[in-house]
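Participant: So that we are looking at the same thing, I have put the structure below in structure tokens.
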There are 2 protein chains.
Amino acid sequence: MSEEQMTIREMCDAYDVTPRTLRFYESKELLFPIREGQKRLFTKRDRARLKLILRGKRFGFSLEEIRQLLDLYDMGDQQATQLQRTYDVARQRLQDMEEQRDELNEAIDDLREQLKWGEQIIADFENDLKAAQ
Amino acid sequence: MSEEQMTIREMCDAYDVTPRTLRFYESKELLFPIREGQKRLFTKRDRARLKLILRGKRFGFSLEEIRQLLDLYDMGDQQATQLQRTYDVARQRLQDMEEQRDELNEAIDDLREQLKWGEQIIADFENDLKAAQ
DNA sequence: GCACTGCTTTACGTTAACGTAAGAGAGACG
DNA sequence: CGTCTCTCTTACGTTAACGTAAAGCAGTGC
């Protein structure tokens, strides 16, 4: 368990993912583990990328979108337009998320109303039951 | 185009969905159009339910979750146990939604941080460009 | 030498929410 | 009667992000 290179199992334990997931991410060009014989070895760069991938997923990004964002992190000599486009994608995503949150809050309020209803109905029913004894 | 009953096409035009979607919702027991011969006729109850379905989808609910919520809206003369169970489902759902909202808020904050980063990178880059002229 | 463990590739399976195509009945119109 | 338009049912196709066998190397322990 070198500090620099980790096996697939060490990665899985460290980041709580399956081997399949790591191989899948590699096939999608999100990770680039090196090979020792036939085995994969994940570098600290892969670990940094994986962290960002998992974070991106929590944000609700698709893997394809995440790949674009990773390119943003990676960039050194890219074109400004490309940069701007990726940035725009992220800003749009933020806006979507805020809208989604607002609607979610609305839905929560609605549901709370329904539940007050439900409580009332149940209370009435239980009263009737007691009265009927 | 009666006020009370609408054909599938009228529904599609009114709510911007496809016939396939309406039939699919019927197959999932989200809608209950009546039949005139072999044709479907959607009542105002179906329209009310469809509105709630579309709203639920915007909230990010699955169709199955929406069906449960619709049942909550529908309730009137159910049995107490059934009522209690449905109520519990709804309460659980509310809790899930609040958790989801909290995570979403966290994600939004994180993403905001990332974007500040992005802005910085872009600013630096543009500075370099100017300096490089 | 042989079993065991861990890794590999290949490739079909899964879920949600429809899309899409095929083939047919049914009423309206000219 | 023929054609058009609308609708119907049936059923396979699609996308994302992996899950889940199946079958086989490779190193390690005994």
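Participant: Rg and Dmax in Å for region B:1-61, alpha carbons only: what are they?
Facilitator: That works out to 11.0, 36 Å for Rg and Dmax.
Participant: Okay, next question. Could you point to the residue in A:T43, A:M11, A:I53 farthest towards the positive end of region A:1-60's charge dipole, with +1 and -1 charges on the Cβ of Lys/Arg and Asp/Glu respectively?
Facilitator: A:I53
Participant: State which entries of A:K51/B:K116; A:K28/A:K57; A:K28/B:K116; B:K28/B:K57; A:K57/B:K51; A:K51/B:K57 exceed 26 angstrom in Cα-Cα distance in the structure shown. Walk me through the numbers on the way to the answer.
Facilitator: Numbers: A:K51/B:K116 19 Å; A:K28/A:K57 15 Å; A:K28/B:K116 28 Å; B:K28/B:K57 15 Å; A:K57/B:K51 30 Å; A:K51/B:K57 30 Å.
Long pairs (Cα-Cα over 26 Å): A:K28/B:K116; A:K57/B:K51; A:K51/B:K57.
Participant: Let me ask something else. Using a label point 7 Å beyond Cα on the Cα-Cβ vector, give me the inter-copy distances for B:D88 in nanometres, one decimal, shortest first.
Facilitator: Once sorted, the set of distances for B:D88 reads 5.2 nm.
Participant: How far is B:E113 from itself in the other copies, in nm, if each label sits 7 Å out from Cα along the Cα-Cβ line, shortest first?
Facilitator: Spacings between copies for this position, smallest first, are 3.7 nm.
Participant: Further question on the same structure: If we hang a label 7 Å off Cα along the beta carbon direction at A:Q5, how far is it from the matching labels on the other copies, in nm, shortest first?
Facilitator: Taking the point 7 Å beyond Cα along Cα→Cβ, the inter-copy spacings are 7.4 nm.
Bear in mind these aren't lab numbers, they're just calculated from the coordinates by the rules spelled out. This one's a predicted model, so the numbers in the text were calculated from it and none came from an experiment. Every residue, glycine as well, gets a Cβ built from its backbone with ideal geometry; the counts of neighbours run over all protein chains shown.
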